[in-house]
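Step one of this worksheet: look at the structure below.
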Amino acid sequence: MKVLVCDSISPRAIERMRQACIQVDVQDKITAEELLQVVGDYDAIVVRSRTKVRKPVIDAARNLKVIVRGGVGVDNIDVDYAQAKGIKVLNTPGASTHSVAELTLAYLFALARPIVQATLSMREGLWEKAKFEGIELQGKVLGIIGMGRIGTAVATRAAALGMIVLGYDSRTIGPAPYVQMVTLDELLAKSDFITLHLPLTDESRHMINAEMIARMKDKVRIVDCARGGVIDEDALYDAIRTGKVAGAALDVFENEPLTDRKLFELPQVIGSPHIGASTHEATARIGDEVADMLIAMNRDGC
């Protein structure tokens, strides 16, 4: 089996695959144009969020049997088209749960207490103590939209902080520990903080738009460590400018790498370059799961 690794995974995973007699080529800075030229030589490709596997790549992949997405979402892959061509699409949905949940909690703290803004102020040589009064998380209502693995992990941690946790999911799911499942309207009306944990689909694209924000509680704070495109960024910008939204923390964006930086002209916005799964532990777990999948598929062995 020949495998092309298009985005970074752990060296341990690569070594494990090579020891199992899989030919592994690592090109973790490969461009879209370069991928088109070489993908036809491989039985499998491994991607994370950076590399897009769209119809032209799939058409050029004459030998491809499997696409492995290291991570949760597969919106960077044309899944239906790949499957129609007989190509399996696999991912590692549980490997980064704790890392994304912890980043979400970090952002809840940073929205409640303006740590980032205070640090930037002090780097300017200022001492603006009165400017950076925050709020407590204790007793505040956290609304979680999307109660899968990560949403549930966030709920457990938030409840331990003394937050009141409301959950909404468009799917029919069972009860979740520490969470009161409610309608979307109730969640929007009652939540002091809202965090998003749902995939990007045709239904969820721009789910958080001007109409939805208008139904939220005044001075709400919003966290998105899920997928860019779930929030209408223009609507969020306007809502922060008017004061309807008190702050936002964004790890994901509709277009990545981010080019339109107008949200970051607003001091109420903090963010990061899609680092939710970027921890040592998550990278190791993702790599191990990717290696396990491909080793199992390598029927020829050594």
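The numbers here are math on the coordinates, done by the rules we state, and not lab data. Since the model is a prediction, treat every value here as computed from it, not as a measurement. Every residue, glycine as well, gets a Cβ built from its backbone with ideal geometry; the counts of neighbours run over all protein chains shown.
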Just name one of Ser272, Tyr168, Gly139: the one whose Cα is farthest towards the positive end of the charge dipole of the chain (beta-carbon charges, Lys/Arg +1, Asp/Glu -1).
Gly139
Exposed loop GluC sites (Glu not before Pro) only (DSSP loop, at most 10 other Cβ atoms within 10 Å): please give the longest stretch of the chain free of them, not including the sites.
1-123
Contact order normalised by length for the range 153-261, with contacts defined as Cα pairs under 8 Å and 6 or more residues apart; what percent is it?
21
Go through the cysteines of the chain and tell me which have no other cysteine Cβ under 4.7 Å away.
Cys6, Cys225
For the range 97-271, restrict the atom set to alpha-carbon positions and state the Rg and Dmax in Å.
15.6, 53
By the scheme Lys and Arg +1, Asp and Glu -1, what is the net charge of all other residues having a beta-carbon under 10 Å from that of His197?
0
Where a label projected 7 Å from the Cα of Ala189 along Cα→Cβ would reach, residues of the range 213-231 with amide N under 20 Å
213-221
Just for the Cα atoms in the chain, what are the lengths along the principal axes, largest first, rounded to whole Å?
65, 49, 32
So how much slack lies between Asn63 and Lys29, counting 0.36 nm per residue of separation and subtracting their Cα-Cα distance, in nm?
10.1 nm
Charges at C-beta only: +1 for Lys and Arg, -1 for Asp and Glu. How large is the resulting dipole of the range 156-302 about its Cα centre, in Debye rounded to 20?
500
For Ala214, what is the net charge nearby, where nearby means another residue's Cβ is under 13 Å from its Cβ and Lys, Arg count +1, Asp, Glu -1?
-2
Treating only Lys and Arg (+1) and Asp and Glu (-1) as charged, each at its beta carbon, one finds that the chain has a dipole about its Cα centre, in Debye to the nearest 20, of 440
In terms of Cα to Cα distance under 28 Å, which lysines are near enough to Lys29, apart from those fewer than 8 places away along the same chain?
Lys2, Lys52, Lys55, Lys65, Lys85, Lys88, Lys262
Relative contact order as a percentage, the chain, C-alpha pairs under 8 Å and 6+ apart, gives 18
Going through the range 119-211, which chymotrypsin sites (Phe, Trp or Tyr not before Pro) have at most 10 other Cβ atoms within 10 Å and a DSSP loop state?
Trp127
Taking Cα atoms, the helix 149-160 axis meets the longest principal axis of the chain at an angle in degrees (rounded to 10) of 30
For Lys131, the lysines lying under 18 Å Cα to Cα, once residues fewer than eight places off in the same chain are dropped, come out as Lys219
